[in-house]
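The values are calculated or read from the model by the stated rules, or taken from the named source; none is laboratory data. Keep in mind that what you see is a predicted model, and the values were worked out from it rather than measured. Virtual Cβ from ideal backbone geometry, glycine too; neighbours counted across all protein chains shown.
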Amino acid sequence: MTEPAARADAPAVSAAGERRALTVEVNGERHAREVEPRLLLSDFLRHELGLTGTHVGCEHGVCGACTVLFDGEAVRSCLMLAVQADGHAVETVEGLAPGPDELHPIQEAFREAHGLQCGFCTPGFLMTIVPFLREHPDPSDDEIRRALSGNLCRCTGYQNIVAAVRRAAERLREAG
Amino acid sequence: MKPAPFAYHAARSVEEAVGLLAEHGGEAKVLAGGQSLIPVMSFRLAQPAALVDVNGVGELDFVAETAGGGLSIGALARLGGLERDPRVAERAPLLAAALPHVAHPQIRNRGTAGGSLAHADPAAELPCLAVALDARLRLVGPAGERTVAARDFFHGLFATALAPDELLAEIELPPRPAGEGWSFLEVARRHGDYAQVGVAARLALDGGGRIASARLVYLSVGDAPIVAERAAAALAGETPEDAVFEAAAAVAADEEIEPSGDIHASADFKRHLARVLTRRALAEAAARAGAEAA
């Protein structure tokens, strides 16, 4: 941990806060923006792109509500800078459902198994589960719980979320 | 909960990254996985004037087998990748056992081996493992490179041997001695939380079935990883049995570790945990050593 930098003494190599251009693919669509380097990826998705499905809970990497896929892997978007996504692909909960009247099999399983109550944590859970089920098509309850360990839910007590993942795994296996 | 403004540089090579660090004269921080740095910046506990992002430095992102059974890990190797890498499981099973304890899957997908070492959180697993495995760390600075033993790298709470213009480039793990047993155990209130106490143990048996050598390194019970020298020395030459493990555990827990209490665990409770974990870790390591010898 560093002490706050002595800004007056800092050499003027490049101006702090200078905006930078980035091009990022989000849910298959390319977006080009100029942003401050300190803008978090979570805020970029929500405020620059209007994709407010990615929720911000703790904003320091504990709650998992802001989980998105970064080049296919689940990451916490509040622990990344938007500029780091330049040239990369991000997937958010908005990209899951195949159409406006249809749900993704994992979303469908959450609905059926009552895997959510208030729904605040749900996008983070969903985006955690997508790559998990890709790698573990037939997971044990233990594996499911370990995979979900980085996502907090204050409503459900997790039982129905675990049940929803089991059901989602079945649905995805059936769908092949 | 938002970072203060900073200048951002995306380095493309080690040379460029080191040059940028030097240019900023100690006011820049290296951004690797960012899983510790970004929250610390969001809390405004750190307000670096500049960040040198090394995520685009491909030459730092590798795992390679080295001669004789060792392993070389690039500083930018992600913890999740190491966790899934069969070469790590085979050549550094102690490290493989510890990786699933590092935070959560989303954090491990992003967090890097070098970042965890350079951050030097005494509650983190990687620094403890680097010391336990006698890792050698290659540091690159503007004047060239040097190699530092992990034991000499950690200077205290978030403090390391790294100069402000140096970059940790590579972690070299020496070959695992044939037949050596190992164990990693920790206690955390919830899986993925920072551990209250953790221990990495290595144990080798001689031809007669006695303990030839042992190594015990602790996390979260001091300002840096703590090596229990006296406990390890007490084990040498002894028969691997419960009473011997218990005696060594008492030495480590009562005399060698330096835990401080927090809201979740008093110092006394941490000593108790260390004692129980040490006994179990030694028994597990001895069983593995015996199994390999058989």
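A few comments on the model shown:
- Given (1) assigned by TED's automatic domain parsing to the domain that holds A:R154; (2) within 13 Å of the chain's Cα centre (by Cα); (3) among the aliphatic types (A, V, I, L, M), number of the condition A:V75 does not satisfy: (1)
- Only one entry of B:G207, B:G179 meets the criterion of being at pLDDT below 95, at positive phi and either surrounded by fewer than 18 Cβ atoms within 10 Å (Cβ to Cβ) or not in a loop (DSSP other than H, G, I, E, B) (or both), and that entry is B:G179.
So that you can scan it fast, the table gives a plain yes or no per residue for (1) of a type in the set (A, V, I, L, M); (2) within 13 Å of chain A (Cβ to nearest Cβ); (3) crowded, with 20+ Cβ neighbours inside 10 Å:
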{"position": "B:P93", "(1), (2), (3)": "no, no, no"}
{"position": "B:A98", "(1), (2), (3)": "yes, no, yes"}
{"position": "B:P105", "(1), (2), (3)": "no, yes, yes"}
{"position": "B:L129", "(1), (2), (3)": "yes, no, yes"}
{"position": "B:L133", "(1), (2), (3)": "yes, no, yes"}
{"position": "B:R151", "(1), (2), (3)": "no, no, no"}
{"position": "B:T160", "(1), (2), (3)": "no, yes, yes"}
{"position": "B:E166", "(1), (2), (3)": "no, no, yes"}
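- Where A:I106 falls short, out of the listed (1) free of Cβ contacts under 8 Å to residues at least 40 places away in the same chain; (2) within 27 Å of B:R190 (Cβ to Cβ): (1)
- Considering residues of region B:6-28 that are in a loop (DSSP other than H, G, I, E, B) and at the interface with chain A (Cβ under 9 Å from one of its Cβ atoms) only, the residue surrounded by the fewest Cβ atoms within 10 Å (Cβ to Cβ): B:G25
- Any hit, region A:108-120, residues being of a type outside the set (F, W, Y), touching a helix residue (DSSP H, G or I) at 6+ places or on another chain (Cβ under 8 Å), closer than 16 Å to A:G64 by Cβ and not assigned by TED's automatic domain parsing to the domain that holds A:E59: yes
- Filter pass, A:A85 being within 19 Å of B:T112 (Cβ to Cβ) and within 13 Å of another protein chain (Cβ to nearest Cβ): yes
- Scan region B:62-76 for residues that are free of Cβ contacts under 8 Å to residues at least 60 places away in the same chain and either part of a strand (DSSP E or B) or buried (at least 18 other Cβ atoms within 10 Å of the Cβ) (or both) and the total you get is 4.
Yes/no per residue for (1) basic (K, R); (2) within 14 Å of chain B (Cβ to nearest Cβ); (3) surrounded by 16 or more Cβ atoms within 10 Å (Cβ to Cβ):
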| site | (1), (2), (3) |
| --- | --- |
| A:R111 | yes, no, no |
| A:G119 | no, no, no |
| A:T128 | no, yes, yes |
| A:D138 | no, no, no |
| A:L152 | no, yes, yes |
| A:N160 | no, no, yes |
| A:E174 | no, no, no |
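- Residue in region B:107-118 that is assigned to a strand (DSSP E or B), within 9 Å of chain A (Cβ to nearest Cβ) and either in contact with a strand residue (DSSP E or B) (Cβ under 8 Å, 6 or more places away or on another chain) or among the charged types (D, E, K, R) (or both) present: no
- Counted residues, region A:66-80 - those being facing chain B (nearest Cβ under 7 Å) and either crowded, with 24+ Cβ neighbours inside 10 Å or among the aromatic types (F, W, Y) (or both): 6
- Residue list for region B:135-147, restricted to those being touching a Leu at 6+ places or on another chain (Cβ under 9 Å), surrounded by fewer than 24 Cβ atoms within 10 Å (Cβ to Cβ) and at pLDDT 95 or above: B:R136, B:R138, B:L139, B:V140, B:G141, B:E145, B:R146, B:T147
Residue by residue, here is whether (1) touching a Gly at 6+ places or on another chain (Cβ under 9 Å); (2) aliphatic (A, V, I, L, M) holds:
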site	(1), (2)
B:G70	no, no
B:H101	yes, no
B:H104	yes, no
B:G114	yes, no
B:P122	yes, no
B:L133	no, yes
B:L139	no, yes
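Yes or no, residue by residue, for (1) free of Cβ contacts under 8 Å to residues at least 40 places away in the same chain; (2) under 22 Å from the mean Cα position of the chain (by Cα); (3) within 28 Å of B:D206 (Cα to Cα):
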{"site": "B:E255", "(1), (2), (3)": "yes, no, yes"}
{"site": "B:S260", "(1), (2), (3)": "yes, yes, no"}
{"site": "B:L273", "(1), (2), (3)": "no, yes, no"}
{"site": "B:R279", "(1), (2), (3)": "yes, yes, yes"}
{"site": "B:L282", "(1), (2), (3)": "no, yes, yes"}
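- Residues in region B:252-270 that are surrounded by 19 or more Cβ atoms within 10 Å (Cβ to Cβ) and either β-branched (V, I, T) or not in a loop (DSSP other than H, G, I, E, B) (or both): 5 in all.
- Hits in region B:42-56 (condition: more than 8 Å from chain A (Cβ to nearest Cβ) and crowded, with 24+ Cβ neighbours inside 10 Å): B:V52, B:V54
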